[in-house]
Amino acid sequence: MHAIFIADAHLRRKDDENYRLLLEFLAGLRGSIDILYILGDLFEFWIGYERTPYPHYLPVLEKLQELRESGIEIVYFEGNHDFHLGPDFTGRLGVRVYPEPATVVLDGRRVHLCHGDEVNRRDYPYRLLRSVLHGRLIRALTRVVPPAVAAEIAERMGRKSKQNHQRRQHKWDYAALLRAYAAERFAEGCDVVISGHFHLPLIEGDGGHTLLCLGDWLTHYTYGEWRDGVLTLRSYREECRAGDRSNSAR
């Protein structure tokens, strides 16, 4: 089994570096892997409408469609910036969507997958917000609220969230939260835990168990690779730089 795991690209504009590099990365996967797992927040904001609501994301959707047509399965775990993904994903693209964490079996090992925003159970204000955003009311509002209005509201919320990011980093020990969450999953019989959300590249192994936090595609450009039961944390930017050095040396 050959699988790739990505999370937290927070794509905004087509001319952004992370947008360009992600399209390049996805194009390189075509026909070469079995499954692509997207563990949330691929987009800075996406809430599903009956028709494609955000034309600036069409290049990404086209790349995902090409991957599906090449025979790659795509599995999407909704994040806190992309939820109620809608028919573009489950219908036209044939993507399997999970609104909540789930455990899958890869090469005989139980792998727990999550976006990660549900890891910190003591962040009560966020847990309340998450329950609202993922609830039926927000889904119903897509029938009456225009996409542009929803995007503007999300932009304002995103600016406020970024202002509070430094405070949250000081308040919470992200690595400790992940380790505690993973320990619970290991006690339930899982062998591997893979998470996004925290923008923290981290891989640890102990006694046959592995914890992987995917980092992001904003500053780290990191992703996870599963090949025949072996899980690694890789950096696409470093791979690009190594390729440039190799070409310049010829």
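The values are calculated or read from the model by the stated rules, or taken from the named source; none is laboratory data. It should be emphasised that the depicted structure is a prediction, and the values quoted were computed from it without experimental measurement. Reconstructed Cβ throughout: ideal geometry from the backbone, glycine too, with neighbour counts over all protein chains shown.
Here are the numbers for the structure shown:
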| item | result |
| --- | --- |
| Criterion violated by HIS56 - all others in (1) on the phi < 0 side of the Ramachandran plot; (2) at pLDDT 95 or above satisfied | (2) |
| Output for the stretch 32-47, where each listed residue is at positive phi and either small (Gly, Ala, Ser) or surrounded by fewer than 18 Cβ atoms within 10 Å (Cβ to Cβ) (or both) | GLY40 |
| Residue within the stretch 109-128 that is within 27 Å of GLY224 (Cβ to Cβ) and modelled with pLDDT under 80 present | yes |
| Identity of the residue in the stretch 174-202, part of a strand (DSSP E or B), touching a helix residue (DSSP H, G or I) at 6+ places or on another chain (Cβ under 8 Å) and touching a residue at least 40 places away in the same chain (Cβ under 8 Å), that ends up farthest from LEU218 (Cα to Cα) | VAL193 |
| Extreme residue, nearest to TYR236 (Cα to Cα), among residues of the stretch 21-65 that are free of Cβ contacts under 8 Å to residues at least 40 places away in the same chain, in a helix (DSSP H, G or I) and of a type in the set (A, V, I, L, M) | ALA27 |
| Number of positions in the stretch 192-250 that are loosely packed, with under 11 Cβ neighbours inside 10 Å and either at pLDDT 95 or above or not hydroxyl-bearing (Ser, Thr, Tyr) (or both) | 10 |
| Breaking point among (1) surrounded by 14 or more Cβ atoms within 10 Å (Cβ to Cβ); (2) over 14 Å from TRP217 (Cβ atoms), for GLU50 | (1) |
